[in-house]
1. Which residues' amide hydrogens lie under 5 Å from the amide hydrogen of I186, considering only partners 5 or more residues apart or on another chain, with H built in the peptide plane?
2. Semi-axes of the equivalent ellipsoid of the stretch 285-369: what are they in whole Å, largest first, if each equals the square root of 5 times a C-alpha gyration tensor eigenvalue?
3. Projected onto the charge dipole of the chain (+1 at Lys/Arg Cβ, -1 at Asp/Glu Cβ, origin at the Cα centre), which of G240, I145, G389 gives the Cα projection farthest towards the positive end?
4. Could you work out how much longer the chain between R150 and Q167 gets when fully extended? Use 0.36 nm per residue separation minus the Cα distance between them, nm to one decimal.
5. What residues from the stretch 69-103 fall in the zone where the backbone N is under 15 Å from a label point 7 Å along the Cα-to-C-beta line of W5?
6. Computed from the mean reciprocal separation of all distinct C-alpha pairs, what Kirkwood hydrodynamic radius does the stretch 193-304 have, in Å?
7. Average the reciprocal distances over every distinct pair of alpha-carbons in the stretch 1-156, invert the result, and give the Kirkwood radius in Å.
8. Each residue of the stretch 131-143 in order: what ³J(HN,Hα) in whole Hz does its phi give by Karplus 6.51 cos²θ - 1.76 cosθ + 1.60, θ = phi - 60°, with x for Gly and Pro?
Amino acid sequence: MTRSWVPVPADSDFPVQNLPYGVFSLPGQEPRVGVAIGDFVLDVSRVGLPYASDLAARTLNPFMARGRTAWREVRETLVRLLTDEAHRSAVEPHLILRDRVRLHLPFEVADYVDFYASEHHASNVGRIFRPGQDPLTPNWKHLPIGYHGRAGTVVVSGTPVVRPCGQRKAPDAPAPVFGPSARLDIEAEVGFVVGVPSEPGTPVPVSDFAEHVFGAVLVNDWSARDVQAWEYVPLGPFLGKSFATSVSPWVVPLDALEHARTAPPAPDPKPLPYLREDEPWGLDLQLEVELNGEVVSRPPFGQMYWTAAQQLAHMTVNGAHLRTGDLYASGTVSGPEPGQRGSFLELSWGGKEPVKLADGSTRSFLEDGDTVVIRAGAPGADGVRIGFGEVAGTVAPARTGRA
């Protein structure tokens with residue numbers, strides 16, 4: 001078993017088999033790239049790694065653009081530096097306790113796309129909004145459904161989320177009203193970060209997924225369900241989604257997730273040729289959703305119907321090109337059981353079955369002051385657990401408008 005000379009607690013998200021990338025700063029210093037190991041951040045720009053100038057940048061974008069050969073070269077060097085005692089004296093001075101640093105948005109977001117890839121989530125939503133009808137739309141099992149969001153409202157974990165305002169209309173009301181959303185929700189998701197761009201007009205095949213995607217993050221795509229319900233016909237999500245999307249500060253490299261690969265659910269019907277995978281990129285990740293310190297859901301990512309490779313292929317099949325820093329997310333992760341639902345829309349069944357909390361309170365949707373934390377783990381090399389850290393956000397009151 002590979003072990004580091006750096007002390008790593010047994011329950012740490014960040015063993016040497018992980019080594020996720022982030023961007024950190026110390027007081028009075030510029031942000032730069034770091035790698036998490038145990039309770040520490042390694043200042044990777046100062047330990048003699050290849051591409052040191054990229055690693056001294058304020059974002060991961062320059063390094064991510066280098067491509068898979070560079071990613072693997074740096075990762076292999078890092079493992080050697082952190083496991084061979086011969087390098088300890090040179091590397092140890094550049095380890096900084098994680099609670100001393102400020103973590104930043106790890107990459108500059110180029111474009112943001114959100115998918116709808118969980119059959120359990122899509123079926124639940126269909127049953128809530130279209131009772132008595134087929135819960136899935138006719139196209140759902142033929143293509144990964146998604147929409148383009150706003151890159152400028154992607155924020156790092158810990159950033160407060162201001163309750164959005166917008167138009168909303170009750171089903172029996174004669175006209176809409178304007179005010180703060182009364183049905184603020186989360187979406188527990190996994191996001192994928194593009195490193196290597198593609199040529200305009202050239203689709204990216206499913207087989208090239210790992211050549212373009214640098215790694216994965218946790219995502220909370222906050223949602224104003226009442227705003228969304230009134231606006232989404234006929235063009236889909238808009239203001240009900242574009243106010244905030246939170247991401248975790250650590251990007252877990254694809255190479256760290258190799259042992260988490262698993263077969264996704266068998267597709268039925270068989271997808272069109274451009275969406276067929278010989279070696280599918282299903283991932284056995286277990287998510288955990290916590291509200292105000294209490295776990296309310298444990299969604300299983302391994303049951304997602306559409307994989308990240310299929311999503312990438314579909315996103316580019318029309319000739320749309322990739323850019324370094326593109327972020328695309330899986331859509332809400334939900335499983336078949338009530339305790340595996342990745343949104344409060346599902347957990348409360350549209351508000352009809354409020355979630356009961358240990359302190360005696362209930363929630364159908366989020367209240368001001370609520371804090372949501374999403375975590376995830378996956379099997380890694382040597383039987384260790386690969387963690388993602390967390391993506392957290394606290395709801396702040398609306399700044400304008402009246403309910």
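Laboratory data are not the source of any read-out in this text; all were calculated from the coordinates shown. All of these numbers come straight from a predicted model, not from anything done at the bench. No Cβ is skipped: glycine too gets one built from the backbone with ideal geometry, and neighbour counts run over all protein chains shown.
1. For I186, whose amide H was placed from the backbone, the distant partners under 5 Å are S223, F344, L345.
2. Largest first, the stretch 285-369 gives 32, 14, 12 Å.
3. G240
4. Using 0.36 nm per residue and subtracting the Cα-Cα distance, I get 4.2 nm.
5. Answer for this model: 78-95.
6. 17.2
7. The answer is 18.4 Å.
8. x, x, 10, 4, x, 9, 6, x, 8, 4, 8, 10, 7
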